[in-house]
Each structure stands twice: as C-alpha cells, then as structure tokens.
Amino acid sequence: MARILIVYASRHGQTRKIAERLEAILRGEGHSADLVDASISILRPIVGYGAYILASAVNYGKHLPAMVRFVRDHLSDLESAPSLFLSVSASAASRQGRADAEKCIEEFMSETGWRPTVCLPVAGAMKYTKYPWLMRMVLRSIVKRTGGEHAGDIDTSRDYEYTDWAELERFVADFLSVQAIRPSPVLL
C-alpha cells in the first residue's frame with residue numbers, strides 16, 4: 001500500500017472535514033496517510049510519498065494563502081509523485097459557479113507554478129453560522145442574486161453542506177487506481 005500525504009487549508013472547517021474523511025478512507029483501505037494543516041509550517045522536505053492530495057478552501061475568489069505558501073515551499077517535492085488538488089468552494093456546488101471554480105484553480109496554478117496531476121473543484125459548504133454578520137448578509141445577497149440550484153439557501157440561521165461525499169470518494173479512488181502510486185517501502 002502507498003504512503004500518501006494529505007495537506008489542507010481550511011477557513012471554516014469544511015475543507016478540514018473533507019481531508020479528515022479522505023484520511024480515514026485511505027487508512028481503511030490499508031494506505032499510510034499523513035494529514036497536515038498547511039497553516040503549520042513544515043520546514044523539512046516532504047519526500048517519500050507515493051502520492052499527494054492537497055485541498056484548499058477558496059475565500060473571496062482565492063485559495064488560502066497558507067496553501068499557496070505550502071505549494072511554493074514544497075514545489076519540487078510535489079512534482080515527484082502523482083498529485084491531486086481539491087479546490088473547495090460553495091460556488092462549485094452549482095453548474096453556474098463551476099466555471100468560476102475552475103478559473104480559481106487556473107489562477108492558483110499560475111500563482112504557484114504547480115501543475116497537479118489531477119484537479120477537482122469540490123462543492124464545499126455555506127456555513128452562515130460561522131461567518132460574521134456582514135459576511136452572512138453579503139453571501140446571502142450573492143446567493144439570492146445569482147440564483148441557480150441553491151438559490152433557496154438564504155436562511156442565515158443555519159448552514160448548508162454541498163459536498164457530494166460519494167462522488168468525492170469515487171474520484172479519489174479512481175485517482176489512486178489510475179495513477180502510478182508508488183507503494184511504501186517495506187521496513188524490515
């Protein structure tokens with residue numbers, strides 16, 4: 001089985017939740033999975049992994065600075081094995097917002113110089129109860145104005161989770177089966 005590094009950058013918890021779920025799934029399948037918060041600096045190289053899975057929330061149309069820093073600091077290591085980048089945003093939950101989510105990914109790759117093996121926009125969550133009042137009102141008005149599949153999700157007293165867990169799990173399983181993931185060395 002492979003040794004896989006999962007790195008996440010989360011603002012309101014949904015991306016961390018996604019990363020933790022992937023860690024549990026990978027471990028359940030016999031892989032060795034290390035979970036790292038990108039906001040905690042890692043000064044040492046991250047070599048020796050059979051694959052890398054990075055997940056970053058999008059905030060105001062940009063991936064979180066901690067993830068940008070992490071990728072820049074570890075670019076050569078990330079290019080040493082197959083990699084999957086998960087871009088987590090509420091906009092990825094709608095067909096209309098999917099183009100914006102894909103544009104964010106392109107901008108991230110341009111900004112960092114990293115070209116992951118595979119990228120996936122992942123529908124995140126609208127966590128109104130975790131946002132400051134002004135942010136809740138701004139997001140509510142954007143949701144109302146843009147319409148789409150989730151236009152009714154404007155009750156700011158509750159949260160909305162859009163992540164399609166089954167689709168995400170299938171995608172990661174496909175990534176691991178299709179890529180040439182190096183097995184972890186056997187230690188004697």
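The values are calculated or read from the model by the stated rules, or taken from the named source; none is laboratory data. Given the structure is predicted, the values throughout are model-derived calculations rather than measurements. Using ideal geometry, Cβ is built from the backbone for each residue, glycine included, and neighbour counts are taken over all protein chains shown. When the accessible area is computed, the model is the full protein with side chains, heavy atoms only, and any ligands, DNA or RNA have been set aside. Shrake-Rupley method; radii C 1.70, N 1.55, O 1.52, S 1.80 Å.
Modelled spin labels at R69 and R21, positioned 7 Å past Cα toward Cβ, are 2.8 nm from each other. Most mobile of A92, A24, A101 per a Gaussian network model of the chain (Cα springs, under 10 Å)? Most flexible of the set in this elastic network: A24. Here's how it looks for Y160: its modeled amide H is under 5 Å from those of M126, K127, Y128, which are all 5 or more places away or on a different chain. Prolate is the label for segment 87-141, because the ratio a/c of its alpha-carbon gyration tensor axes (a ≥ b ≥ c) is 1.5 or higher and a/b is greater than b/c. Highest GNM mean-square fluctuation among S80, S157, S32, for the chain modelled with Cα contacts below 10 Å: S157. Between the helical axis of 133-146 and the longest alpha-carbon principal axis of the chain there is an angle of about 80 degrees. For the chain, the solvent-accessible area of protein heavy atoms averages 52 Å² per residue (probe radius 1.4 Å; ligands and nucleic acids excluded). The structure-derived value of Rg/Rh (Cα atoms, Kirkwood Rh) appears in the list [x] 1.09; [y] 0.99; [z] 0.95 under the label [y].
Taking Cα atoms only, the orientation of helix 14-28 departs from the longest principal axis of the chain by about 30 degrees. With everything on Cα atoms, drop me the angle between helix 165-178 and the longest principal axis of the chain, reported from 0 to 90° to the nearest 10. It works out to around 30 degrees. Distance between the C-alpha centres of segment 2-21 and segment 78-136: 13 Å, rounded to the whole angstrom. Only protein atoms count toward the accessible area here, which uses a 1.4 Å probe; on segment 29-80, the carbon and sulfur part of that area reaches 54 percent.
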